[in-house]
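Written below as structure tokens is the structure these notes are about.
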Amino acid sequence: MKFFADTADSAEIRELAETGLLDGVTTNPTLVHKAGRDFIETVREIAAICPGPVSAEVVALDHDEMMREAEVLRKIADNVAIKVPLTPAGLKTCARLTGEGTQVNVTLCFSAAQALLAAKAGATYISPFVGRHDDVGFNGMDLIADIRMIYDNYDFPTQILVASVRHPMHVVEAAKLGADVMTAPPKIIHQLFKHPLTDNGIASFLKDWQATGQSIG
Ligand code: G3P
């Protein structure tokens, strides 16, 4: 399973990249607003830190304008993936960009039917939002299971990129269901390391090691 960081904060991305566990980055207009910096400069900086795909989202709602924005964004770096919304114009743009060899991340997916459309449009990634699904009383993971089944039935190469990840169990459940990628805020990726028994174990091993009076090397 690939790990993407869902942030536009380049300091956080740099820190995660140093762990060797970061495979890509996703941004969206809200995250860009939160970072408070120029969008193009931010994407350029992130794409230089992380060699994996960096999703940058168009904000236009019609196909021609989406293509114009995508043209600006994909020129930033070779590893920029264009993020488009799951609308007829978004999927038309997806098909065109895919045909031109550009990676496309279709975002704001909330149903298996939408995921099927995105795969038919040749999306590189489909982003179902599990946390927002849970927020309105559905089980986001049921959506992931349905999409996995549909994509496997037809060997669609579109990768399932689980988004709106809110806690470590979302990551574990997504992995159990065979999602290809998950994108999470850096805080959640750091939480994946945590277990109190690991901390307790380190503390007791260190105590006993000190009692031996030895050192390594
Ligand atoms: O990248 C989009 C997605 O991950 C948003 O997450 O927590 O705002 O629903 P959230």
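For residue 102, the test of being open to solvent by 10 Å² or more (accessible area, probe 1.4 Å) and among the polar types (S, T, N, Q) is passed. Highlighted here are the strands (runs of 3 or more DSSP E) found entirely within segment 1-89 that include at least 1 residues which are among the basic types (Lys, Arg) and within 16 Å of the ligand (Cβ to nearest atom): 2-6, 80-85.
Annotation: of all residues in segment 110-131 being part of a strand (DSSP E or B), touching a Ser or Thr at 6+ places or on another chain (Cβ under 6 Å) and free of Cβ contacts under 8 Å to residues at least 60 places away in the same chain, the one that is most open to solvent (accessible area, probe 1.4 Å) is 129.
Take residue 148 and tell me if it is away from the ligand (no atom under 16 Å from the Cβ), in contact with a Leu (Cβ under 6 Å, 6 or more places away or on another chain) and of a type outside the set (A, V, I, L, M, F, W, C). Answer is yes for this residue. The residue that is most open to solvent (accessible area, probe 1.4 Å), among those in segment 53-78 that are over 18 Å from residue 118 (Cα atoms) and touching a strand residue (DSSP E or B) at 6+ places or on another chain (Cβ under 6 Å), is 74. The condition of being more than 30 Å from residue 79 (Cα to Cα) and in a helix (DSSP H, G or I) holds for only one of 152, 146, 134, that being 134. For residue 31, state whether it is over 24 Å from residue 147 (Cα atoms), surrounded by fewer than 23 Cβ atoms within 10 Å (Cβ to Cβ) and among the hydrophobic types (A, V, I, L, M, F, W, C). So residue 31 passes the test.
The values are calculated or read from the model by the stated rules, or taken from the named source; none is laboratory data. Keep in mind that what you see is a predicted model, and the values were worked out from it rather than measured. Neighbour counts are summed over all protein chains in view; Cβ atoms, including those assigned to glycine, are modelled from backbone coordinates with ideal geometry. Each accessible area value is taken on the protein alone, full model and side chains, heavy atoms only, with ligands, DNA and RNA left out. Shrake-Rupley method; radii C 1.70, N 1.55, O 1.52, S 1.80 Å.
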